[in-house]
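One structure is given below, encoded as structure tokens.
The values are calculated or read from the model by the stated rules, or taken from the named source; none is laboratory data. What you are looking at is a predicted structure, and each value in this text was computed from that prediction instead of being measured. Note: ideal-geometry Cβ built from the backbone for every residue, glycine included; neighbour counts use all protein chains shown.
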């Protein structure tokens, strides 16, 4: 009888321990679940795009929805904002409310100057992203996570920016891992981050009408030296030399619109081809003059015919390389 009582008591004790363990496990799981914050923006205006400083101003609406004890509007920050530090704590929400299902809803009108590094390697076919990056400054990714409200994010139909084509708008969420513990051993350094990107590209007409066409005209003027008889060295060399100087000024014109970068942009490569062809023309004009100065008329005529073939070959080379680079840049992405 005593053994039976002991067995019953032992069974009850084991059941109690198991129940407590399951409850603790459930509490830990609940505690480890991050609070979800739905976030979205609606851009309405782009202005003051400063290519030289990699900055731009955006005007947009922002909203946040969440359930839980953490108020994300008090700790949210724009990590790529410049000038003053914009904080939602200093902004008054438009019509704050609690939805029927208990969801907290906040709605803001935001205007600010942002910065993001631009890549000009494909200029004038370069594409850029006007980035708005949002991150919680106090709660780590295991406490709070953003989620894009996909139903509401889109671009205003009237949104335009002179000189650029707006080609898309997207949003992503990830965990921003900092490569430091900020002086605290073992301190978690991953924070939820939401990124909104407005994608821009330059109009194709900029390349063909404003950049390539003037250069092609100057290039043809240099090739006109091959039409002049070889004995007229002054006229032939003057045409090529003038074209070379003009080409330098044309390149400086578009370089003045770009920031100082440590690499060749696509248009630079086209100009390198033009420089090579024009310098080749200068050298050939001089060599042909030396060879035909005392030559017979038949020999002069042969060199002149060869000059015309060289001119056609140089024109074909320049056009082929220029269009190949342009087509590659248009479809590389």
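General observations
- Any hit, the range 219-228, residues being in a strand (DSSP E or B), surrounded by fewer than 17 Cβ atoms within 10 Å (Cβ to Cβ) and free of Cβ contacts under 8 Å to residues at least 40 places away in the same chain: no
Each row is one residue, and each column tells you yes or no for (1) part of a loop (DSSP other than H, G, I, E, B); (2) farther than 30 Å from residue 255 by Cα; (3) modelled with pLDDT of 90 or more; (4) not assigned by TED's automatic domain parsing to the domain that holds residue 119.
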| residue | (1), (2), (3), (4) |
| --- | --- |
| 21 | no, yes, no, yes |
| 44 | no, yes, yes, no |
| 58 | no, no, yes, no |
| 92 | yes, yes, no, no |
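- The range 291-305, residues that are part of a helix (DSSP H, G or I) and surrounded by fewer than 11 Cβ atoms within 10 Å (Cβ to Cβ): 297, 298, 305
Residue-wise test of (1) touching a strand residue (DSSP E or B) at 6+ places or on another chain (Cβ under 7 Å); (2) buried (at least 18 other Cβ atoms within 10 Å of the Cβ); (3) more than 27 Å from residue 49 (Cα to Cα).
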position: 139; (1), (2), (3): no, yes, yes
position: 142; (1), (2), (3): no, no, yes
position: 147; (1), (2), (3): yes, no, yes
position: 173; (1), (2), (3): yes, no, no
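- Residue in the range 74-89 that is in a helix (DSSP H, G or I) and at pLDDT 65 or above present: yes
- When every residue of the range 116-125 is checked against the conditions, none turns out to be surrounded by 13 or more Cβ atoms within 10 Å (Cβ to Cβ) and assigned to a strand (DSSP E or B).
- Residue match in the range 107-114 (condition: within 14 Å of residue 62 (Cβ to Cβ) and surrounded by fewer than 13 Cβ atoms within 10 Å (Cβ to Cβ)): yes
- The range 149-165: number of residues that are at pLDDT 90 or above and closer than 19 Å to residue 62 by Cβ: 2
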